[in-house]
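Read-outs throughout are calculated quantities, based only on the coordinates presented, and are distinct from any laboratory measurement. Because the structure is a prediction, the values reported are computed rather than measured. In this analysis, Cβ positions are derived from the backbone assuming ideal geometry, glycine residues included, and neighbour counts consider all displayed protein chains.
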Amino acid sequence: MGKTLFDKVWDAHVVDTIENGPQVLYIDKHLIHEVTSPQAFNELEERGIPVLRPKQIVATADHNTPTLDQHLPIKDELSRIQLQQLSENCKKNGITLYELGHQYNGIVHVMAPELGITQPGMTIVCGDSHTSTHGAFGTIAFGIGTSQVAQVFASQCLLLSKPKSLRVSVNGKLKNGVLPKDVILYIIAQIGTNAGTGYFCEYAGEVFENMSMEGRMTVCNMSIEMGARGGMIAPDQTTFDYVKGRKFAPEGEEFERKLAYWRTLPSDPDAVFDKEYVFKASDIEPMITYGTNPGMGIKISGNIPTLDDNSFVKSLEYMGLKAGESMLNKPINYVFIGSCTNSRIEDFRIAAQIVKGKQKAGNVTAWLVPGSKQVEAQIEAEGLKDIFEAAGFQLRQPGCSACLAMNDDKIPQGEYCVSTSNRNFEGRQGQGARTILASPLVAAATAIEGKITDLAQYLN
Amino acid sequence: MEKFVKLTSTGIPLEIENVDTDQIIPARFLKATDKQGFGDNVFRDWRYHKEGVLNEQFVLNDPTYQGSILVAGTNFGCGSSREHAAWALTGYGFKVIVSSFFADIFKGNSLNNGLLPVQVTDTFLAKLFQELKNNPRTEITVDLEKQIISIEGNALSASFEIDPYKKTCMLNGYDDIDYLVSKKDKIEAFEALKRN
Ligand code: SF4
């Protein structure tokens, strides 16, 4: 029987197998940030265990950082201490850190791929569930808890049972205005938020083959929202072209040698998956969520369903919405374009296309938060900054920002926010905040109109 | 890690599905650099109204229900990888979570912190909620060695699954770090092979 992409990468990293138990899996790259690493460093120190492979770890500050005045000392004392501790821990252990203000600083899942740290066939972990993003390169990448961060520090390995395999195929061509974000929101709305639990997912089919690396990252990013530990897309010429020439990508002969290996990674034609879903691209429309989990999504022109279920009722109550109603024309005061789902240059280019020459609606506060310093620089270099600022959008400095509202970027109680992030949980963007997930295209149009808008008029 | 062998306690019913880690411990409380104190903020936004006023409707604030076993709706612990969720639950005093489904990362994090996730069927869960409703003093016993969860008088009893390796760890209070560090030779041999 043939092997899947996942099998090939996994099997190449198994150090040992415990009889009737988990396997010892080798980790190539370990990404860390300020929030989930301090307790792991403490743990090691208490036990007197050194960090085994500091050169395979890369650190960034992203979750808790301000998005204004990054050159000034951080006002929030606890955040400041967390960042200081990260710096000290990295220094003590010889770990590369792209701290606040560094030209390579950014959201961990944006900066690592753009620096060429993420490469096909690797195993990558990070104490963050959206590590699945890196799967876009044909990488086994997944989020881990802090105890596991400590395990990787100590041994560069993890004890894991091999997950089952799932394949989601989307065939055909996407309609105009349907973005990768819509594709993944559609998939999750169809199969539910725990359909992937216990599985590692491969995305296959024409839609993903034709997608840019940025788009593939958006899709893989949200694998965790259907419960899957991670998602992967087979590496192809698009992948190789993206990786080549990046700061930490292999060069010359080494690149050629790796390339030859990467080309062997796609799933064999006779590989069998434990579970399969197949969708048609032509069924997918621009999407929007109405509830408090990412599976509660509908096409933007659709109506909220009517369900007789406690969780559903509770969720609509929180959102201040009614079963059966349409989301169109709902007034919106906050728009957030950012997060590791949609804060890459492509996302801002798309938003700029809509915004160009227009003004945001008077009622809207629109935050644009680039995923990294490099994206920020690109926004400026390509003249997008001028477009956004002329339209009244606020371009802020890189970080996780209102995606999880750990810093000051919070959506006020009761307000709706159309957000390009990945989670619409209760209070995710601030206590009592109501999050509506959408693509950067829908978010930009919402900011211009001041209400949720059918994209049709923007697409011509 | 603390050992877990067997526990008998009353339970707290949290009849909500898809409880995500942002509810278990909201992000604004993740700024600490140690593992202490998270218990005070477990389910913070459900336990308190915005003004810091206790929400008396919420089950954790209902004196009728007490104990170190949390019985929760399906798909418990979905969302982020924050281990702070497990620290918040153990910090509050929970030792067992019963649900009909657990999110992957949360399950792993719990097991790494001596918090036992007991997965039961939807039917069992519904019956258990009913029992707790009928009699909040119902005692629940979780026996890890036998992998059995039951209530007083055995009116309700079921076996549950756990990875045999994880079971050994929980029973003895071992964790994965000790094991992995003991494999250093194999890890180095693997690295050498990979370089060639
Ligand atoms: S942007 Fe949001 S989802 Fe992504 S790493 Fe930051 S907090 Fe997590």
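With a cap of 13 neighbouring Cβ atoms within 10 Å, and only residues DSSP puts in a loop, list the trypsin sites (Lys or Arg not before Pro) found in segment A:306-353. Mind dumping the intermediate values first?
On the way: sites: A:Lys314, A:Lys322, A:Arg344, A:Arg349; in loops: A:Lys322, A:Arg344.
Within segment A:306-353, the qualifying trypsin sites (Lys or Arg not before Pro) (loop, at most 13 other Cβ atoms within 10 Å) are A:Lys322.
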Checklist entry - Gain in length, B:Glu152 to B:Gln130, computed as 0.36 nm per residue apart minus the alpha-carbon separation, to one decimal in nm? => result 6.5 nm
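What value, in deg cm²/dmol to 500, does the helix sum -39500 (n - 2.57) over DSSP H runs of n ≥ 4 give at 222 nm once divided by the residues of chain B?
Details: 8 runs with 65 residues, N = 196.
That comes out to -9000 deg cm²/dmol.
For B:His84, A:His71, which order do you get if you count the other beta carbons within 10 Å of each Cβ and list the fewest first?
Numbers: B:His84 28, A:His71 7.
By the 10 Å Cβ count, ascending: A:His71, B:His84.
Taking the Cβ-Cβ separation of B:Ser182 and A:Gln84 as r and a Förster radius of 56 Å, what is the calculated FRET efficiency to the nearest 0.05? Please list the in-between numbers first.
Details: r = 34 Å, r/R0 = 0.60.
So the FRET efficiency works out to roughly 0.95.
On average, how much area does the Cα convex hull of segment A:164-283 cover when viewed from any direction, in nm²? Don't skip to the end; give the middle numbers.
Working: hull surface 31.7 nm².
The directionally averaged projection comes out at 7.9 nm².
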Checklist entry - In nanometres, what is the gap between the two model label sites at A:Asn176 and A:Ile18, each 7 Å from Cα along Cα-to-Cβ? => result 5.7 nm
Checklist entry - If one takes the longest principal axis of the Cα atoms in chain B, at what angle in degrees, from 0 to 90 and to the nearest 10, does the Cα axis of helix B:184-195 lie? => result 60 degrees
Checklist outcome for this item: quick note, chain A, DSSP beta bridge pairs, % antiparallel (nearest 5) is 25 percent
Checklist entry - Where q = 0.06, 0.09, 0.12 Å⁻¹, what log10 of I(q)/I(0) comes from the Debye formula for the protein assembly as shown, counting one point per Cα? => result -0.30, -0.71, -1.34
Checklist entry - How far is it, in nm, from the label point at A:Asn310 to the one at A:Lys162 when both lie 7 Å from their Cα along the line to the Cβ? => result 4.0 nm
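Which trypsin sites (Lys or Arg not before Pro) in segment A:145-196 pass both tests, a DSSP loop state and at most 15 other beta-carbon atoms within 10 Å?
Details: sites: A:Lys164, A:Arg167, A:Lys173, A:Lys175, A:Lys181; in loops: A:Lys173, A:Lys175.
Sites meeting the loop and neighbour criteria: A:Lys173, A:Lys175.
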Checklist entry - Whose amide H sits under 5 Å from the amide H of A:Asp16, counting only residues 5 or more places off or on another chain, with H placed in the peptide plane? => result A:Val24
Checklist outcome for this item: If N is the residue count of segment A:112-169, its Cα Rg over 2.2 N^0.38 Å rounds to 1.17
Next on the checklist: Taking amide H atoms as placed 1.01 Å from N in the peptide plane, list the residues 5 or more away in sequence, or in a different chain, whose amide H sits under 5 Å from that of B:Tyr48.
Outcome noted: B:Asn55
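Can you give the calculated 222 nm mean residue ellipticity of chain A, where each DSSP H run of n ≥ 4 adds -39,500 (n - 2.57) and the sum is split over every residue, rounded to the nearest 500 deg cm²/dmol?
Values: 16 runs with 145 residues, N = 460.
Counting only the DSSP helices, I get -9000 deg cm²/dmol.
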Checklist entry - What nm distance separates the two modelled labels at B:Ala189 and A:Val272, each placed 7 Å from Cα along Cα→Cβ? => result 3.3 nm
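How high is the relative contact order of segment B:84-137, in percent, with contacts defined as C-alpha pairs under 8 Å that are six or more residues apart?
Working: 45 pairs, mean separation 19.6, N = 54.
The value is 36 percent.
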Next on the checklist: 5 Å is the cut-off here: which amide hydrogens, built 1.01 Å from N in the peptide plane, fall below it relative to A:Ile300, excluding neighbours closer than 5 in sequence?
Outcome noted: A:Met287, A:Ile288
Item to check | Sparse-neighbour loop sites [trypsin sites (Lys or Arg not before Pro); segment A:36-92; at most 15 other C-beta within 10 Å; DSSP] | outcome: A:Lys75
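Quick one: grab the alpha carbon gyration tensor of segment B:32-182, order the square roots of its eigenvalues as a ≥ b ≥ c, and give me rounded if a/c is under 1.5, else prolate or oblate depending on whether a/b is larger than b/c. Each step should come with its number before you reach the end.
Working: a/c = 1.99, a/b = 1.08, b/c = 1.83.
Cα axes put segment B:32-182 in the oblate bin.
Residues with beta-carbon under 9 Å from that of A:Met122, excluding A:Met122: net charge, scoring Lys, Arg +1 and Asp, Glu -1? Please report the intermediate quantities before stating the final value.
On the way: positive: A:Lys29; negative: A:Asp28.
Within the 9 Å Cβ shell, the charges total 0.
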Checklist entry - Which whole-number percentage describes the relative contact order of chain A, with Cα contacts under 8 Å and a sequence gap of 6 or more? => result 17 percent
Item to check | Cα gyration tensor category, rounded, prolate or oblate, for segment A:5-160 with a/c compared to 1.5 | outcome: oblate
Checklist entry - To the nearest 20 debye, what is the magnitude of the charge dipole of the protein assembly as shown about its Cα centre, counting +1 on the Cβ of each Lys and Arg and -1 on the Cβ of each Asp and Glu? => result 480 debye
Checklist outcome for this item: Ranked from fewest to most other Cβ atoms within 10 Å of their own Cβ, A:Ser326, A:Ser439 fall in the order A:Ser326, A:Ser439
Item to check | Length gained when the stretch A:Gln237-A:Asn329 is fully extended (0.36 nm per residue, less Cα-Cα span) | outcome: 28.9 nm
